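Scroll down for the structure; my scribbles are underneath it.
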């Protein structure tokens, strides 16, 4: 996208949760470039060298982890103003990506070239605070994911997943097949279908073709 420096600065200021130094905002808006991704487009792939760090401006991104057999597990969402801590770690250590990032709706991101990271970290305390905050937030979300897998039954994990999707999209009408949900929860379609039918009997959801209405407040 051919956004001007002023447009990039305005978009960055509208989503960033930290009060950045003026010089830092000027540098980011000069160094960064904006990219738009359509829904379901892959932004970062596993095994890919990361050349730019994405900061979400509009939309949201789903982060996945993959095991040696190719099974994926949904970890968390990135919202406007967020960056992915795992991609930051991989970029700092010059490692290939260990996650997959996919636009869960039409999404716009500000891509900051990797070679600018050291300069920002050394010269701007607010960027240093942003990186630490990102690590802390993502670690907390990963711990919640681990707790969910280790301590929660699949019906509880399914409900938590539906609530996360509703929160991310701003709608209680959730699009997706039973198979796609099973894939993200590393389960089977049969198990997910059975649990969704049980949830419908309890008045928690209403099932439609390729859609689920979340009824719980």
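Odds and ends about this structure:
- The stretch 12-46, residues that are buried (at least 17 other Cβ atoms within 10 Å of the Cβ), under 23 Å from residue 169 (Cβ atoms) and either more than 22 Å from the chain's Cα centre (by Cα) or modelled with pLDDT of 85 or more (or both): 34, 37, 43, 44
- Test: residue in the stretch 83-90 that is more than 19 Å from the chain's Cα centre (by Cα) and more than 25 Å from residue 161 (Cβ to Cβ): no
- Any chance residue 176 is at pLDDT below 90 and closer than 30 Å to residue 20 by Cα: no
- The set of residues in the stretch 150-168 being under 11 Å from residue 75 (Cα atoms) and either without any contact (Cβ under 8 Å) to a residue 24 or more places away in the chain or loosely packed, with under 13 Cβ neighbours inside 10 Å (or both) is empty.
- All conditions but one from (1) at pLDDT below 90; (2) surrounded by 13 or more Cβ atoms within 10 Å (Cβ to Cβ); (3) more than 30 Å from residue 3 (Cβ to Cβ); (4) under 22 Å from the mean Cα position of the chain (by Cα) apply to residue 189; the one that does not is (4).
- Among the candidates 192, 174, residue that is touching a strand residue (DSSP E or B) at 6+ places or on another chain (Cβ under 7 Å) and either in contact (Cβ under 8 Å) with a residue 60 or more places away in the chain or within 19 Å of residue 64 (Cβ to Cβ) (or both): 174
- Extreme residue, nearest to residue 141 (Cα to Cα), among residues of the stretch 47-80 that are within 11 Å of the chain's Cα centre (by Cα) and outside any strand (DSSP E or B): 79
- The stretch 77-97: number of residues that are touching a helix residue (DSSP H, G or I) at 6+ places or on another chain (Cβ under 6 Å) and at negative phi: 6
- The one condition in (1) part of a loop (DSSP other than H, G, I, E, B); (2) more than 21 Å from residue 123 (Cα to Cα) that residue 20 fails to fulfil: (2)
Okay, residues lined up against (1) at pLDDT below 85; (2) within 21 Å of residue 13 (Cβ to Cβ); (3) surrounded by fewer than 16 Cβ atoms within 10 Å (Cβ to Cβ):
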| residue | (1), (2), (3) |
| --- | --- |
| 78 | no, yes, no |
| 82 | no, yes, no |
| 91 | yes, no, no |
| 102 | no, no, no |
| 107 | no, yes, no |
| 121 | no, yes, yes |
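- A single entry from 87, 133 fulfils the requirement of being surrounded by fewer than 19 Cβ atoms within 10 Å (Cβ to Cβ), modelled with pLDDT under 90 and under 19 Å from residue 57 (Cβ atoms): 133.
The values are calculated or read from the model by the stated rules, or taken from the named source; none is laboratory data. This structure is a prediction, so every number in the text was calculated from the model and none was measured. Note that each Cβ is placed from the backbone with ideal geometry, even for glycine, and that neighbours are counted across all protein chains shown.
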